[in-house]
Each structure stands twice: as structure tokens, then as C-alpha cells.
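Contents: one structure, followed by commentary.
The values are calculated or read from the model by the stated rules, or taken from the named source; none is laboratory data. Worth saying up front: this structure is predicted, and the values here are computed from it rather than measured. Here the Cβ is made from the backbone with ideal geometry for all residues, glycine too, and neighbour counts use every protein chain on show.
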Amino acid sequence: MSQPFRLTAGGRIDRSQTIPFTFDGRSLTGHPGDTLASALLANGVHLVGRSFKYHRPRGIMTAGSEEPNALVQLAPEKSRTEPNARATVVELKDGLAARSQNRWPSLDVDLGQLNDLLSPLFPAGFYYKTFMWPKAFWEKVYEPRIRKIAGLGEAPSKPDPDRYLHRHAHCDVLVVGGGAAGITAALAAGRQGRRVILCDEQPELGGGLLSRAAAVVEGLDALAALPEVLVLTRTTCTGYYDHNYLVLLERVTDHLAAPHPDLPRQRLWRVRAKEVVLATGALERPLVFRGNDRPGVMLASAARTFVNRYAVKLGERAVVFTNNDTAYAAALDLHAAGITIGCIVDARPEPEGPLVAAARERGMRIRTGSVVTGTEGPRRVNQAAVAKLDDGGAIAGYLGEVEPCDLLLVSGGWNPNVGLFSQARGKLRFDAALQAFLPGEAPLPKEQRLRSVGACAGDFSGFDAPPTPLRALWAVPADRSGKAFVDFQNDVTAKDLGLALTEGFRSIEHVKRFTTTGMGTDQGKTSNVNALAIVAETLAKPVVEVGTTTFRPPYVPVTFGALVGHSRGELFDVERRTPLHDLAVERGAVFEDVGNWKRARYFPRRGEDMHAAVARECRTVRETGGILDASTLGKIDIQGRDARTFLDRVYTNAWSKLAPGKCRYGLMLRDDGMVFDDGVTACLDDRHFHMTTTTGGAPRVLAWLEDLLQTEWPDLEVYLTSVTEEWATMAVNGPLARSIIAPLVEDCDLGADAFPHMAWRTARIAGVQGRIFRISFTGELSFEVNVPADRGAEVLAALLAESEPKGATLYGTETMHVLRAEKGFIIVGQETDGTTTPIDLGMDWIIAEKKGDFIGKRGLARPDLVVQGRKQLVGLLTTDQKTVLEEGAQVVETPQGRVPRPMLGHVTSAYFSPNVGRPIALALIEGGHARHGTTLYVPLPGRHPIPVEVTRPIFFDPDNARLHG
Amino acid sequence: MLLIPCPYCGERAEIEFRSGGEAHIARPAAPESRSDAAWRDYLFIRTSPKGVHFERWNHAHGCQRWFNVARDTVTDEILAVYRMGDTPPETVR
């Protein structure tokens, strides 16, 4: 028979429709309105998983998002599979395929269960101790094995095919939790005309009301009629951040078998709320006793939910173990549903009140002043042992009297759900009556405008019976045998907590990390208060002194997809393309990422690999000519009365005499004396300059200059504008550079005398008005052509038409790197790393000592910057003339000796130079300037240390003869 | 995420801003006459208080203006916002 444990009447399920699903391959059915958990229970499936460490049989303990046990793997596809789904919140849908986790070969017969028998070997902290030796075994043997045996579900191994959206929202009032308290709050705010968002993680509003027999939820029509109230169901508030900024996770289509393709799977809401109302209710606590983890042991409130809301007949004979009145409501409802209540075990000596009276009226046996000391049953509980607890909290006989049952309801009191309050930096207080934490009285930061209402604020007036009075009962006294679980998901027992204390841990945060209590996907929602109360009891301290561990977002697990949203694939980051990009693509460029830019790295011809292409480009540039797309260089337009003064202060060299029509290389330092950026700046006129920066440094240089102008020198009249994207820049290099551009250039004398190195001119190039700069990053004769960005492609096409018949070529950044290294030109960020001064680089010539103060000048005189033995830039030539060193490789003095040997520095750049005919490298070496001509060694993996000769950092045309050609 | 009241644009989310560290650390005049210790302090030594912190923020993705914020580092409460060059309001000093 299908669903043999379904009650014939009642519940919020639709019996007119049947939904097929599978669990571990077994075909089962349920109804709309079911969760996976309720459908499994309706089919009599109580054993749904194996525990993390001991592989103990586990069932369904709760009916909500706090579930620690019933974790399943959803969906078989490698792309959509979802590990550790809580069966209690997975809505049943057609074709749902769920699998149990952490068992082999099957859920019923699990060899990992041996761990349970061997458990004396695996107490808390065993990882840290047992597997320390031999060291190498940890990575290769122990860890993989432990990971295989202990664990949860499997992560998807293929890209997620689903879509996720983000939405930003603002509201006057955000109400978290759609139970009676939340609905009331939303109605009150909505009726004042306020913009309200009400979110609740359930598919329908009602919260705890939905768990009652014949539940009635009032106020829904009134809510729907308020135009400014937005109700989000299936939406969990996962985090409460600063200044009333909250994140909600809406599960849009997870519950649908065939969602509309336009809908996202989930939507992440980022809400800035003027006020927040927390109506997050309370979570029932389990009780800690031997065998409290057996399938069939369930929170009393959860049992009530399954019976009333989902119409599941959970068992034939239930025992109820409680220390407060609330479980009596469950007992009465189960009784009404035809489940025999074997007995109610109440830790209180004299329970009384209307619900207790009602239970007595129905003839239920109440064993007062008693506790369940343990359970039995191989895959489901079949009996409980009950014993008397004396006033001092001791037990006469641990074995107790046997009460047969197939269901054991537990209630250890209620924890107001204060997680979000605590995330908002609210301070908690411990309430002696509830034996639980409540929002404290201390004021919150003024930007966190929130209030807690209902059970999460300790107001249990919405309950059938309040959870007080209760008898504080943290761990039932036990003999040495058996396990009493505190944290079910992490298999942490009361004994483990004791062990942590014996080991000397005192802080609850340390106890948590040693035992792993409160970790995992449930973050200890059912276990934390029990754990710290047990610690307090053992230490004979008040609970409040032990304190709580920190509540951190997210409240429930959040898929990476929801966090990432649209930011994946090509939308992951901005991609910047130069105006010449398409032409480079046409010419077969291979691109590299430089910051956000796509830069052409090299242009391979048929059959060429990178090495061959770069070697050809390098030779061609020096023999004939080459054109580089330099459009990515940062460009800043500088104007104003004090522009020149400003340059004098931010560059190390002097700018007072730079005439219009001239340009100059400049080095920028930070005020600590370290190199920050470099580039060439041209004087357009006395109050107008065109600055270039490194490609990667452009944004931070502009921000830094703007910072100085706004905050240090507001008296200077200088205006900065980024013009990086205004210009297309083509650097035409090589002996034929002049003859390549000459036929295209009008209104400009290109002769060496009229237009010398480090000058710039306006000109028409291929009919386009632009600027030409005679600056060179190759050491060759070079004209850098700048035209408006939208005309760049046509000008480059014209330049190529002129250059290619002459044998010149387009070249990429890799060739640019080799050519500049041949000349020893530095790249900021490669030859420098934020601890490198101009002196270290051998660039003393660029520091104008006489011009007065500049940024970094005082810094350069700091004691550490003038000592001997600083790392200095040198050239390295491998003596075998073959080996190309690796960038980042360390440099040492001797080839032999103990490892590690003193490291003198590292290789910053290394290439094969076709023009020099051998590998070249630049390096920063301790006292390097004094080591020219000496031999050092570079250890590379798997090779004998490579001998290298230290040289000046220049390998080609040392007299710069070619520059002026 | 903080909600920062830019004195020029109004309240904006923190992602629009760039933090600029402690405020009121003026670059000393006549740097060459400063001792090594004084220059070290200017470069590296910051108060890092538990409580009210005066700090610089830049509305980088808005008006791009720099301004000062007095923020409680414990609670992240923003106690005052004032312009560059101004002294902190009496209430937070």
C-alpha cells in the first residue's frame, strides 16, 4: 500500500494529487504540501542517513530548517546535485530523487558503522593527536581515508546550469518570520502605509500555527490587500549586517518539477531596511541521554507538526520525555491522531497546568520526576529505559524500567531564535526561567534599528502552553556505556565536551573548535545551548559566564550560485578592449589579461608557437620595424595654473623647465620612498600636461593624485581628467619607423633635428588629427602615434599598409617585455614590489636633489633605505648561454651547502633574447651593484643550481645609439 | 555594509566608497627637517582605537570627493561626517 502511515484525514496536504519520488532508488509517493521528510515518514521510512563520524543510523529529528540529521543528496545529475539538503525543508515535487549520504554499501548495511564500535579510538580531537605521525602520512594516507569515511554529501562536479538573480530592495520595515507575531507586525506597519517586506522560509505563512490541528492563520487576506506590503515566502533571512542591511535567500523554483525557463532558480535579496522586526520564533531543544540519536527519537514539536500539518502517523506507541509543558500539546495531538502514548516521562517532580490535566484526563500515564536514561533498537527505537531522578539530580539505576515504543518525543525547553539579533550585534542575556538566551537590554548601534517580537523575544503567549516552568536538564546522568549526543550532525557527545574540559580548554569558543560542536551545516541550532550549559555545569559556573559562541551568517546554507548571481563566465569581471582590438583579432593575436584589459600578447604565424612568434617579432622590430598597441597605458589630462608645481611635487625629477613640445620620463614614489609608478608626461602648454601611467597603475595613480589635490594641497589649482580611453596609441618602433609613418604624416617635420627624441608634435596621420610622441620603450627609433580612439582602427590599418611591405610587423606585449628587458627598462610591479627605491634600481639620475621637496624625498633618507646590502637591480647571464631562468627564482651565493642557504634575492624578469642571442634576466640582489662580474647561482626545481654572471642591467645597445636614429 | 552619508551626495552604500585610513594626519611641512622618528610616525603609526575613529572616505563611485567620518570601531556607528580641512564636531571629540 502506498503511504501506509498517512492519516486518513486532516493536514495541509492535497490528497487528490499523488507525487512520485524516489529515495535510494526506491519508488515512493507523497502529496502536494509534503516535505521530503513528511513523505518519507508517511511511507514508514525513519532511517534516512548515517552520522558523520560513527555512521550511526539517523532519522528525522525536527520539522524545520534546524534539522541536523536528515541530510540527503538531491538530484543525480552532476551539475544539479545538491549535498546535505535538509529533508525537512525540501518540498516534494514530481520526480524528486533523493539519496542517503555517508553510507557504504547501503543505508541498511553500512560498513562505516564499525566506527561506532571503535569509537573509543575516535574521541573529540582525535584528528589532532592520533594522526600526527609520521608526518607525511597525514596528507597521503590519513586525510584521504578520513575524508572518505567521515563526511557528508558530494559537491556537484559540473557547471551549474541554473540562473540566479540578485535584487536590491529598500523598505521602511522588514519583518523576518511570518508566524502570528510577524503577520501582526506586518499588518500594523502596512496599515500605517509603510513599505513592508515580510519574509518567511516556509511555503506559506503561519509559522508555528501551521503545526496545530485544524490550523487557522488569520490576517492573510488583510495583508494581501495592503499594496505596500510585499510577502516573500520560501525566503530565508540569512544574514543581518551593518546599518540594517540584510540578505534574504528566495528559493524561486526549487519546489517546482518543471519551472518556467524564464524564472531563476533562486534570488538573493539585499535589503536596506529603515526598521527591522525579528519574529523568528523559537527552536525546541533536544535532551541529552544515551541513544538519543536513534531514528524514531524526535522533537515533540516536530512530531506534532508531522501529525497535524502533514497527517503522518509517526508510530504506534510513543513515549514523551520532557522537562516542560509544551510537549503535552504534542502528546494530546498524537493521542487524538490515534497514536498510543505509552507514557509521559516528566523530569519535574510535580507537573501541573491545563495541558497536564488534559493528559491525565485522557488516561495518559505520567512518570513524574523521571528521565529516559537510554534507548534501544537497531535501526529505530524500540524501547526506552526510564528511571527516577532524585532532587539532587542523581539516578538510582541506570537501566531503569523498560518502556516499549517506536517513537520517542523529546522536549528540553525552547531557545528563542536570537541568531539574527546577535548578528546585528545585539547582546544576549540568559533568562533563568526559560533557561535560554534572550535579546538583552543593552542598546544596539543606532543604525541597527530593530525589535524582536513573539517567541524570539521570550513572549510565548502564542503557544498553547509556555515552556515554563521547566526543570533545567542538560545531560541525563549516565554510566560509562553508550553515547549521549549533544551535536547530532558532528557526532559530538556529552563525554566529548567533558574531554575538552579535561584537556584544559575553558573558553566555549575553544571547546567548540576542539570538539566541533556547533559546526556544520546546521551551525548548532539544536545543540549550542545544550553544549554550553553542559560545559557550565561541568565547570560549576553559571551559564551566562560561559557565554555563547558567535552567531555568524549565513543562518542556513546558501548555494554559491545565489551568492555569485550573474557574476560568472564573461560577466565575472569587466573586460576592457582597446580601439585596436578587432584588428588584433583579425591578425590572429593571442591575448593576455593585464588588469581588466585584453592585450595582444603575440601574433603567431602559421606553425609558430609562442617562442617562435616572439623571437621573430623581437628580431623584426630591431631589424626593420614593429607596431605595438599601447592604448592601454593610463593617460591623465592635467590642467591648471599650478600644474607644473604639482608635477614637481609628485615626480622625483624636475619639471619646471620642460618646454611645450617636450616630454619627460618621470618616476613617482610613495612618501616612504618606494617606487609607485612611472610614465612619460608631455608639456602641451604651460598650464596643460598629458601624463601617462602604467597600464595596471592608471586607476590608483589618478586616485592618489586626486587625493593629494583634495586633501594635502587644496591650494593648488589643478584639474585631473582620465583620458585613457580617449586615445588610440600605436608605438611604431625600429630603424624603419620614420619611413613607415612619413608617407602618412602631414603638418609635421619628422626629421631628427626638427623632431628629436623626447619631443612631441601635433600632426595629421592618415588624415586624422592627432599627436606624435618620440618616446621609446624599446631603445629603437620610435614614434608613438596618438589619434582619437574612434579613428584608431583606420590609422592602424594605414600604418600596417605602409609597414608590412617593408617587412615590419605588429608585435605584442611579450615582445615588448623582451625588448625593454634587453635595454634594462624596468616595469613597475615586476622589477619593483613596493619595497624598491629608485636607488635600488640604479636610477639615482632621476632624483632631483636640488628642486625642493617631492613625495618620497624624505622617505628616501630613512635609515633602512640608506643602509648597505639593500637588494639592487642587476642583470644576470646564465653561463651555459642556454638556460632561461624562471621569474621568481631565488639567487644564492654557492651551489652547495645546507638548504635553505641564504637567499640573496630573486629573478624579476627572464627571457630568451633573440637579439642578444642568449637568455637574459633581471634580478634584485643584495648589494647587487657591487657584484658585477661575480658568479652566483639560481636553484631551479629538479636541476643543479644554475651558475649566472652578474652584469649591469642592460644587454643591448648600451650606448643608446639606435634611439636617435 | 555601511550606509555612509556623503556630505555632498547623501546616504550611499559602502561599495560606492573607498576608505582612506585615519584622518587628520597632515603631511608635515618641511619634511627634510623632520627626524627619522617623526617621519616614521607620519608614515606608519596610526591610533587604531577601540571606539571613536576619525577616518577619511572617498566617494569613489560618486562625486569622487574626500571627506572625514567619525566612526565607532566597535559598533560601526557613524557619529559625524565633515568636510576635508574641518575639525571634528564638538559632539564626537
- Which residues, taken from the stretch A:472-489, are modelled with pLDDT of 95 or more and more than 30 Å from residue A:117 (Cβ to Cβ)? none
- Message: I need the full set of residues from the stretch A:909-965 which are closer than 21 Å to residue A:734 by Cα, at pLDDT below 95 and touching a strand residue (DSSP E or B) at 6+ places or on another chain (Cβ under 9 Å), in order please.
- Response: A:963
- Task: Please determine, by comparing only the residues of the stretch A:193-204 that are surrounded by fewer than 23 Cβ atoms within 10 Å (Cβ to Cβ) and more than 21 Å from residue A:448 (Cα to Cα), which one is farthest from the other protein chains (Cβ to nearest Cβ).
- Result: A:204
- Residue check for residue A:277: surrounded by 16 or more Cβ atoms within 10 Å (Cβ to Cβ), more than 16 Å from residue A:452 (Cα to Cα), within 34 Å of the chain's Cα centre (by Cα) and aliphatic (A, V, I, L, M): no
- What single numbered condition from (1) farther than 27 Å from residue A:161 by Cα; (2) part of a loop (DSSP other than H, G, I, E, B); (3) β-branched (Val, Ile, Thr) fails to hold for residue A:88? (1)
- Hey, any hits in the stretch A:700-719 for a residue that's touching a helix residue (DSSP H, G or I) at 6+ places or on another chain (Cβ under 6 Å), assigned by TED's automatic domain parsing to the domain that holds residue A:682 and either over 20 Å from residue A:662 (Cβ atoms) or not polar (S, T, N, Q) (or both)? yes
- Task: Can you confirm whether the stretch A:763-778 contains a residue that is over 20 Å from residue A:664 (Cβ atoms), within 14 Å of chain B (Cβ to nearest Cβ) and surrounded by fewer than 18 Cβ atoms within 10 Å (Cβ to Cβ)?
- Result: no
- Query: How many of the residues in the stretch A:65-97 are polar (S, T, N, Q), within 23 Å of the chain's Cα centre (by Cα) and farther than 16 Å from residue A:558 by Cα?
  - Reply: 1
- Task: Could you identify the single residue in A:880, A:864 that is on the phi < 0 side of the Ramachandran plot, of a type outside the set (A, V, I, L, M) and free of Cβ contacts under 8 Å to residues at least 60 places away in the same chain?
- Result: A:864
- On the given criteria, is residue A:851 within 14 Å of chain B (Cβ to nearest Cβ) and surrounded by fewer than 19 Cβ atoms within 10 Å (Cβ to Cβ)? yes
- Note on the structure: Among the residues of the stretch B:1-22, the number that are closer than 23 Å to residue B:74 by Cβ, more than 8 Å from chain A (Cβ to nearest Cβ) and either without any contact (Cβ under 8 Å) to a residue 12 or more places away in the chain or in contact with a Ser or Thr (Cβ under 9 Å, 6 or more places away or on another chain) (or both) is 2
- Message: With the structure loaded, tell me whether residue A:672 is touching a Leu at 6+ places or on another chain (Cβ under 8 Å) and within 30 Å of residue A:863 (Cα to Cα) or whether it fails that test.
- Response: yes
- Task: Could you look through the stretch A:820-858, keep only residues that are out of contact with any helix residue (DSSP H, G or I) (no Cβ under 7 Å at 6 or more places or on another chain) and among the small types (Gly, Ala, Ser), and pick out the one that is nearest to residue A:915 (Cα to Cα)?
- Result: A:821
- Among the residues of the stretch A:309-319, is there at least one that is over 20 Å from residue A:43 (Cα atoms) and either at pLDDT below 95 or surrounded by 24 or more Cβ atoms within 10 Å (Cβ to Cβ) (or both)? yes
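Conditions tested, residue by residue: (1) within 14 Å of chain B (Cβ to nearest Cβ); (2) out of contact with any Pro (no Cβ under 8 Å at 6 or more places or on another chain).
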residue: A:668; (1), (2): no, yes
residue: A:678; (1), (2): no, yes
residue: A:696; (1), (2): no, yes
residue: A:715; (1), (2): yes, yes
residue: A:721; (1), (2): yes, yes
residue: A:726; (1), (2): no, no
residue: A:740; (1), (2): no, yes
- Among (1) free of Cβ contacts under 8 Å to residues at least 24 places away in the same chain; (2) away from every other protein chain (no Cβ under 14 Å); (3) under 33 Å from the mean Cα position of the chain (by Cα); (4) surrounded by fewer than 18 Cβ atoms within 10 Å (Cβ to Cβ), residue A:461 falls short only on (3)
- Considering only residues that are in contact with a Leu (Cβ under 6 Å, 6 or more places away or on another chain), buried (at least 21 other Cβ atoms within 10 Å of the Cβ) and in a strand (DSSP E or B), look in the stretch A:411-445 and name the one that is farthest from the other protein chains (Cβ to nearest Cβ). A:415
- Would a scan of the stretch A:205-221 turn up a residue that is within 14 Å of chain B (Cβ to nearest Cβ) and buried (at least 18 other Cβ atoms within 10 Å of the Cβ)? no
- Task: Starting from residues that are among the aliphatic types (A, V, I, L, M) and not in a strand (DSSP E or B), keep the ones in the stretch A:5-22 and report whichever is nearest to residue A:217 (Cα to Cα).
- Result: A:13
- Subset of the stretch A:717-747 (residues that are outside any loop (DSSP other than H, G, I, E, B) and small (Gly, Ala, Ser)): A:722, A:728, A:731, A:737, A:739, A:742
- Query: What number of residues in the stretch B:24-47 are surrounded by 11 or more Cβ atoms within 10 Å (Cβ to Cβ), under 16 Å from the mean Cα position of the chain (by Cα) and within 9 Å of chain A (Cβ to nearest Cβ)?
  - Reply: 3
- Query: What number goes with the only condition from (1) touching a Pro at 6+ places or on another chain (Cβ under 8 Å); (2) away from chain B (no Cβ under 14 Å) that residue A:240 does not pass?
  - Reply: (2)
- Going by the structure shown, is residue A:520 small (Gly, Ala, Ser), crowded, with 17+ Cβ neighbours inside 10 Å, part of a loop (DSSP other than H, G, I, E, B) and touching a residue at least 24 places away in the same chain (Cβ under 8 Å)? yes
- Task: Evaluate the stretch B:48-69: report whether one residue or more is within 13 Å of chain A (Cβ to nearest Cβ) and among the hydroxyl-bearing types (Ser, Thr, Tyr).
- Result: no
- Only unsatisfied item for residue A:916, checking (1) buried (at least 20 other Cβ atoms within 10 Å of the Cβ); (2) aliphatic (A, V, I, L, M); (3) closer than 20 Å to residue A:823 by Cα, is (1)
- Which one is nearest to residue A:860 (Cα to Cα), of the residues in the stretch B:70-81 that are more than 7 Å from chain A (Cβ to nearest Cβ) and assigned to a loop (DSSP other than H, G, I, E, B)? B:73
- Any idea which of (1) under 29 Å from residue A:668 (Cβ atoms); (2) in contact with a strand residue (DSSP E or B) (Cβ under 7 Å, 6 or more places away or on another chain); (3) surrounded by 14 or more Cβ atoms within 10 Å (Cβ to Cβ) is the one residue A:862 doesn't satisfy? (2)
